[in-house]
Amino acid sequence: MCLNWIIWWLKTFISDSVSPSPSPFKKSLVGHPSLSDFIPTIRSGAWADIGFRSRMEDAYVCVDNFAQDFGLENTSGGPNAFYGVFDGHGGKHAADFAGCHLLRFILEDEEFPQEIERVISSAYLRTDAAFAKACSLDADLASGTTALTVIIMGRLLVVANTGDCRAVLCRQGKAIEMSTDHKPMHARERRRIEASGGCISSDGYLNGELNVARALGDWHLEGLKIMCENIELGPLIAEPELVSANLTEDDEFLIIGCDGIWEVFLSQNAVDFARRRLQEHNDPSLCSKELVDEALKRKSSDNLSAVIICFQQHRPQNLISPPSRARRRFSAQGLMDLQSLLDSSGGEQ
């Protein structure tokens, strides 16, 4: 028996047995240069339900082609789409107002689309100021709303969020959160609130009144918002956080939903659920309804609204994991027998 061959085989065997399995490859949100010619094909669907509440205060907007709807020239070389979910509180007026005006303020800005992120932020503040004026003329409009919007231009995806709605991107089955829930207890929001003179009660409410740290409206709530020389001050702000991404062929769909969805779904859980449904029927409208219905079954206590935006025509493909290398192991007795064999060989070649 060749001792050198046995030693080589043992080294190879032990190496195979103890080497760690490769970690999943992680990509950034920036598109890979080799996929720069990818142009998403947009399909969307939405569904809403009053849930167990006594009144409906959610609203949503789906505009699959705003260039066509508003008579604009399509210069992006691809889709021009806008989506939004708005979770009202204290009434639905603020949610409806934001849904009607945000896109208009974006499109009429002279710097759109060249300065798209600045334009979107400005549109949120303009919408908030316009609603304050409307409330000053009609006190019955007094209310507030969170707002999460999505603009897709060509491959560019821009998510803007004020409040606790959430956007989750599905990239080859993996959930990627594209927004932050603006809760008063969030460390960054808490620091900002306290620096502006606000406080957070023991139950996590801003000034004991709101369960969100950012919102449009709520001008009637004393001490939360102050307008000074066209600048909003106070612990409650309307300024959105923005996240941008260049879509690639790996990106399958986006879920945006009011917090009634996320009360009973983790982000990855929602992506897994929606992905299975899209594999079955490839219908984003039906998938949105099924997601809302499932949230109801899970006893969500809030109004429910969800929008699903697909980026490709075909249904999500089955994920194929590379076959793992079989891990072979020696038993203790086997090692003893092999050692005995090597000893008895006496080092013969």
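At 0.36 nm per residue, and after removing the present C-alpha to C-alpha distance, how many nm does the segment from S285 to A130 gain when stretched out fully? Kindly include the intermediate steps, with their values, before the conclusion.
Numbers: separation 155, 0.36 × 155 = 55.80 nm, distance 3.23 nm.
Residue separation times 0.36 nm, minus the Cα-Cα distance, leaves 52.6 nm.
Please list 45-56, 116-127 highest first by mean number of surrounding beta-carbon atoms within 10 Å per residue. Intermediate values should be presented prior to the final figure.
Details: 45-56: 15.8, 116-127: 19.6.
In decreasing order of mean packing, 45-56, 116-127 become 116-127, 45-56.
Lys/Arg Cβ at +1, Asp/Glu Cβ at -1, dipole of region 71-227 taken about the Cα centre: which of G223, I120, S179 is farthest positive-ward?
S179
Placing +1 at every Lys and Arg Cβ and -1 at every Asp and Glu Cβ, with all other atoms neutral, what dipole size does region 98-253 have around its Cα centre, in debye to the nearest 20? Show your work: numbers first, answer last.
Working: 15 positive and 26 negative charges, 63 e Å.
Around 300 debye, computed over region 98-253.
Going by average Cβ density within 10 Å per residue, which order do the peptides 96-102, 145-151 take, highest to lowest?
145-151, 96-102
Checking the a/c ratio against 1.5 first, then a/b against b/c, what shape does the Cα gyration tensor give for region 120-235? All intermediate terms of the calculation are to be shown ahead of the outcome.
Numbers: a/c = 2.22, a/b = 1.36, b/c = 1.63.
In terms of gyration-tensor shape, oblate.
Could you size up the charge dipole of region 181-270 around its Cα centre, putting +1 on the beta carbon of Lys and Arg and -1 on that of Asp and Glu, and report it in debye to the nearest 20? Could the numbers behind the result be given before it?
Values: 7 positive and 17 negative charges, 91 e Å.
Dipole of region 181-270, to the nearest 20 debye: 440 debye.
If you count, for each residue, the other Cβ atoms within 10 Å and average over each peptide, how do 285-292, 133-140 line up from highest to lowest?
Values: 285-292: 21.1, 133-140: 11.2.
The most tightly packed comes first, giving 285-292, 133-140.
Modelling each spin label as a point 7 Å along the Cα-to-Cβ direction, I'd like the E110/T41 distance in nm, to one decimal.
Each label point lies 7 Å from its Cα, and together they span 4.0 nm.
If you stretched the chain out fully between F52 and F70, how much longer would it get, using 0.36 nm times the residue separation minus the C-alpha to C-alpha distance?
Details: separation 18, 0.36 × 18 = 6.48 nm, distance 3.69 nm.
Working it through step by step, the gained length comes to 2.8 nm.
Where a number appears in this text, it was derived from the coordinates with a stated rule and is not lab data. Treat the numbers as computed from the prediction; the structure is a model and nothing was measured. Positions of Cβ are backbone-derived with ideal geometry, glycine not excepted, and every protein chain shown enters the neighbour counts.
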